[in-house]
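Q: Have a look at this one.
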Amino acid sequence: MNPVSGGVRRIALFVGLALAALLYPQETRTHPHVLVVAATDVVFNDAGEITEMRHRWVFDLPFSIYAVEGLDVNGDKVYSREELAPLAEVNATSLEEYDYFTFLYSGDEEPPYGKPKDYWLERAVDGTLTLHYTLTLEAPYKPHGLPVEIGIYDPEYFVAFSLDEKEPARLINAPADCKLTVRRPPPLDAAAAAKLAELPASMRELPAEYTGLVTDIENRLTITCGDVVAAAEPQARAIEPSGTPFGVAPIEPGFKPGSGGPFAKFLSWVSAQQSRFYRLISDAVTATKESPLAAFSVLAFAFIYGVLHAAGPGHGKAVISSYVLANGETARRGAIIAFLAAMLQAVSAIAIVGVMTLVLRMTSASMTRTAGLLEIASYVLIVAIGVSLVWRAVRGRGASRAHAHAHAHSHDDGQEHLPDGSCCGHAHAPDPASLKQPLSLASAWSAILAVGIRPCSGALILLVFCFAQEMYLLGVAGTFAMAVGTGGITAAIASSALGARALVARLARSPASTATLSFAIELGAGAFVLLFGLVFLAGALGRQGMI
């Protein structure tokens, strides 16, 4: 039996540790998907105490169109206050676990909130929605010689808040000596945006290095009444949500790469560009109503969005790459699997939006719940794939050792020796002849289905946005353009992983070393898929209130 060289062991250990550091799966919600322009009235009682805050939040057009889907009960294409009432209730009540994206403090005091009231929605002529709601305090609050700070922002940066340009805030019935100062955050650079986007949803307290970043995205109202003592700079806040913002916003889960790793700057750039192209797509769709040629811009932007979506944090490339590594697939087969999974993801989005909006006339909340259930099914399949890959690697290793032990004697009877690394016709690596056979979908369906069954939230919003304006073909074409971009990058990443495996195998000094490395790669890839699926399954179940 040939020993495995120390150099090969060190290479395998280094590769394993590097992958673990870069790809340790932690659930996160990627880059802002909802844009809100906020305005607030801070209301005082006659005793000079703060009693409530009256919010007016204007949503971006793509989210607005997605949110009202299925709510035009009488089909007159006019959304009355009564028709929007169920959505307003969902919007307002779902904000509790997000602390209403409103953080009030004075020194060390954080007055608790009561329940929201007087919530309603109105739809403007341009299609944007405005949520009106009043956030009450449990008890009237009077600051004790310190300024009152009100922060309006999302610590996870899933929702990007900005303050109304004309009238961001007002003091209602405030004492004459009270003054209001409005502080708008500076423009957020790409690196900071990506760093915030990588924060796991389960984090209660932000690490020290994130505090300054979150403060920089905070829209802050400062109220001073009479003579006040300067307060210390407020600390960053963190929230622990499990549901979806406003009850209908589709969440795009991803995984957090090791912070500060070699790809941090690249992922920062990807995150910023993905957010940018998300807005460019919506602008191009709107422009298509005036100029049909703008449809080509929609397709181009959608393709680039798909490329960026695959290049950034996400589970598709991780599962596909790990699957082809564990199975020893060829680069061509890996590319086919990647593209089929991306196409299935597009079909899934089209089926959900097409059936639920055009046939069943269901609401956006129903679509979000359906996407959430498909997400759970996707992660269950990923867990099953991980278990299968680990079991097959361990079982195959045990079988190869048993064969090696049984044939460790000398063949003095004239039998021809098999090549090193094989015994009784059982090779330790995939049979080259078998890899030349056509790809069997029966063997790859699990990976394709696990990745493709859950639609991209960007595709859902694009489809609803286009369908609501009766641009059906554009929505479908844009969704497939996203899929082509996603599939291409996923295929390239999978091919790179296979190339790295081949390089490491060539560095091995003996067939026995190659066999050991193959086992380590197969077991590691399977374990990663299993851990990945368990982490994301827990997050998906939590969002649906199942755990």
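Q: Tell me the net charge near Glu89. Cut-off is 13 Å between Cβ atoms, Glu89 excluded, with +1 for each Lys or Arg and -1 for each Asp or Glu.
A: Summing Lys/Arg as +1 and Asp/Glu as -1 gives -1.
Q: I've got another one for you. Where Lys and Arg each count +1 and Asp and Glu each count -1, what net charge lies around Thr286 among other residues with Cβ under 15 Å from its Cβ?
A: -3
Q: Residue separation times 0.36 nm, minus the C-alpha to C-alpha distance between Glu110 and Ala351: what's the value?
A: So the extension gain works out to 82.1 nm.
Q: Ok, one more. Add +1 for every Lys or Arg and -1 for every Asp or Glu among the other residues with Cβ under 14 Å from the Cβ of Pro168, and state the total.
A: Details: positive: Arg54, Arg56, Lys166, Arg170, Arg183, Arg184, Arg220; negative: Asp41, Asp164, Glu165, Glu167, Glu218.
Around Pro168, the surrounding residues sum to +2.
Q: Now for a different question. With label points built 7 Å along Cα→Cβ from the Cα atoms of Val359 and Arg332, find their separation and express it in nm.
A: Output for this residue pair reads 3.7 nm.
Q: Enumerate the calculated ³J(HN,Hα) couplings along region 491-500 in order (Karplus 6.51 cos²θ - 1.76 cosθ + 1.60, θ = phi - 60°), each rounded to whole Hz, writing x wherever the residue is Gly or Pro.
A: Values per residue, Gly and Pro as x: 5, 5, 5, 5, 5, 5, 5, 5, x, 5 Hz.
Q: Further question: For region 44-85, what is the charge dipole size about the Cα centre, in debye to the nearest 20, if Lys and Arg each add +1 at the Cβ and Asp and Glu each add -1 at the Cβ?
A: That gives region 44-85 a dipole magnitude of about 120 debye.
Q: Could you give the nm distance between label points at Glu290 and Lys77, where each point is 7 Å from its Cα heading toward the beta carbon?
A: 1.9 nm
No lab work stands behind these numbers, since they all come straight from the coordinates. What you are looking at is a predicted structure, and each value in this text was computed from that prediction instead of being measured. Glycine gets a Cβ as well: all are built from the backbone with ideal geometry, and neighbour counts include every protein chain shown.
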